[in-house]
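To keep things clear, I will list the structure first and then write my remarks on it.
Where a number appears in this text, it was derived from the coordinates with a stated rule and is not lab data. Here the structure is a predicted model, which is why all the values come from computation and not from measurement. Here the Cβ is made from the backbone with ideal geometry for all residues, glycine too, and neighbour counts use every protein chain on show.
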Amino acid sequence: MRRRVRRIPRRSNSLGVVTTSATADPVRYVSTRGRDAGRRFSEILLEGLAPDGGLYMPTRYPRVDAATLRAWRSLDYADLAEAILERYIDDIPAGDLRDMVRRTYTAEVFGTREITPLTPLEPGIVLLELSNGPTLAFKDMAMQLLGNLFEYELGRRRETLNILGATSGDTGSAAEYAMRGKAGISVFMLSPDGRMSPFQQAQMFTLQDPNIHNLCVRGVFDDCQDIVKAVSGDLEFKRRMRIGTVNSINWARLLAQVVYYFAGWLRATGEDGGEVSFTVPSGNFGNICAGHVARMMGLPIRRLVTATNENDVLDEFFRTGTYRVRGGAETFETSSPSMDISKASNFERFVFDVVGRDPDRTRHLFAEAVPRDGGFTLTPGEFARVAEFGFTSGRSTHADRLATIASVHRASGRLIDTHTADGVHVARSHTEPGVPMIVLETARAVKFADVVREATGVTPPLPDAVAGIESLPRRFEVIPADAELVKARIAEDGTRA
């Protein structure tokens, strides 16, 4: 006997984006450029870019109502993650998904039962701690789950995977620690030669696992990112060598980040709920895009504040409606190096929603205007919609970072890293009475000890687990910015079935 399924009509919100209740038809995934539609979660899990060069997005945002939010107050972090993930995943058995989530979000892995504690910084501003994982950065929050999901899916398919990634700092170490020793997986991580902090370099380059390969590219992060896109764009090579990605262009990683927005809201509000705002240090737009998804699901977010450093491509966009990509010569080397990015590859997801999910318009902007003109300007009508999604922005300089690190330390005794300092500095200009401002922490201060010491005169303490890491032997290779060379390295050292 066929089971009857009650179908709930889809509806568009005031922005024209499809939203539905959690009991509607299962979520499917579509490329932002429109040529790859109707795929299930496990089909896109191991991929980055869609075959047409776009990014995968859910066909709808499952809505979470006030009653559900109240019920979620009793959940621990793992149960909350399961409740959110299951709204987007219908092709992994519930018991298997529950097992992976519960193995990921533990006190043993993240050092605290809360996983993401909320810490008051100053009146009106609180810090959501996201740096308690094994590599001391927020990337662990998603990457640890991604490692378990990848190993599970590869085992189910009896396949192997070569992960190609680009990092400006924390993504690399988080991915490598999550994937080291995983069956059937090799990691090829590109990083800009000499542009990460000494501690970040040590975390990556001291790993001796045979499935980890560090390739230092002579150039900036955007050169690394361009190589990843070029290799992923070679569909024959991508299929033959089973290329996957862990950058924020991977939907599963972004989805895992949605969870801590809900966790932050639940901890910052009382039983009656209410709105909060988030300030997010951002370079590649993945972290704050997860906040956009949470807001579209119904989380009461008043403002999503994008904080940039001197590489202010995103701040310029939110002020003017113009997205202007910079070249390597215009990309500044700053004291918050993980945000030294001038081409926000994950930004296409947000613009897709801004233009009413029109794949032809999205494809024109990102596949035609950006390569031809170096950017684009939204129409006045499109730009007006940006604020309707709750977004605003600000920028920070090295002097701002030093002053912010020092003032936070004087007021609270807490040491914050340079990227978090960008967030706190910008957040101070966007607080509103009665609306808690939650700043997303990016990393532990020890990862940028030289700047923290310059600001405060205090050397951040080194956790026991990483004591002596900077003196360990290193394994890496410096290469030119050449996609063909990277493909040759993958063909030579990659994992095969």
Fill in: Other-chain or far-sequence residues with amide H under 5 Å of residue 395's (modelled H)
308
Worksheet item: Percent antiparallel among DSSP beta bridges with both residues in the chain, to the nearest 5?
Response: 30 percent
Worksheet item: What residues qualify as long-range amide H neighbours of residue 285, i.e. H under 5 Å apart, gap of 5 or more or another chain, H built at 1.01 Å from N?
Response: none
Worksheet item: Which far-off residues, 5 or more places away or on another chain, put their amide H under 5 Å from the one on residue 279, with H placed in the peptide plane?
Response: 305, 438, 439, 440
Response to the item:
In whole Hz, the Karplus estimates of ³J(HN,Hα) for the stretch 453-459 (6.51, -1.76, 1.60; θ = phi - 60°; x where Gly or Pro) are 5, 4, 7, 10, x, 10, 8
Item to complete: Go through the stretch 398-497 and name the trypsin sites (Lys or Arg not before Pro) that are in a DSSP coil and have 11 or fewer other Cβ atoms within 10 Å of their Cβ.
Response: 496
Worksheet item: About its Cα centre, what dipole magnitude does the stretch 223-333 give when the only charges are +1 on Lys and Arg Cβ and -1 on Asp and Glu Cβ, stated in debye to the nearest 20?
Response: 500 debye
Worksheet item: Once the dipole of the chain is set up with Lys and Arg at +1 and Asp and Glu at -1 on Cβ about the Cα centre, which of 486, 449, 345 lies farthest towards its positive end?
Response: 345
Worksheet, complete the sentence: Per DSSP, the loop-located trypsin sites (Lys or Arg not before Pro) within the stretch 84-185 having at most 14 other beta carbons within 10 Å are 113, 158
Worksheet entry | Whole-Hz couplings from phi, Karplus 6.51/-1.76/1.60, listed for the stretch 415-429; x for Gly and Pro | 9, 10, 7, 5, 6, 4, 4, 4, x, 5, 4, 5, 4, 4, 8
Item to complete: Using Cα positions and a limit of under 12 Å, work out the aspartates and glutamates in reach of residue 447, with same-chain residues fewer than 8 apart set aside.
Response: 170, 417, 470
Fill in: Three-way shape call for the chain based on the alpha-carbon gyration tensor, with the a/c threshold at 1.5
rounded
Worksheet item: By the gyration tensor of its Cα atoms, with a ≥ b ≥ c the square roots of the eigenvalues, what is the shape of the stretch 61-129: rounded for a/c under 1.5, prolate for a/b over b/c, or oblate?
Response: oblate
Worksheet item: Along the stretch 221-236, what does the Karplus equation 6.51 cos²θ - 1.76 cosθ + 1.60 (θ = phi - 60°) give for ³J(HN,Hα), rounded to whole Hz, x for Gly and Pro?
Response: 4, 4, 5, 4, 5, 5, 5, 4, 5, 5, 5, 5, x, 7, 5, 5
Worksheet entry | Rounded, prolate or oblate (a/c below 1.5 giving rounded, otherwise prolate when a/b exceeds b/c) for the stretch 235-326 by Cα gyration tensor | oblate
Discussion item. Counting only helical runs of four or more DSSP H residues, what would the 222 nm mean residue ellipticity of the chain come to if each run contributes -39,500 (n - 2.57) and the total is spread over all its residues?
Written reply: -11500 deg cm²/dmol
Worksheet, complete the sentence: For the stretch 375-487, the dipole about the Cα centre with charges only on Cβ (Lys and Arg +1, Asp and Glu -1), to the nearest 20 debye, works out at 280 debye
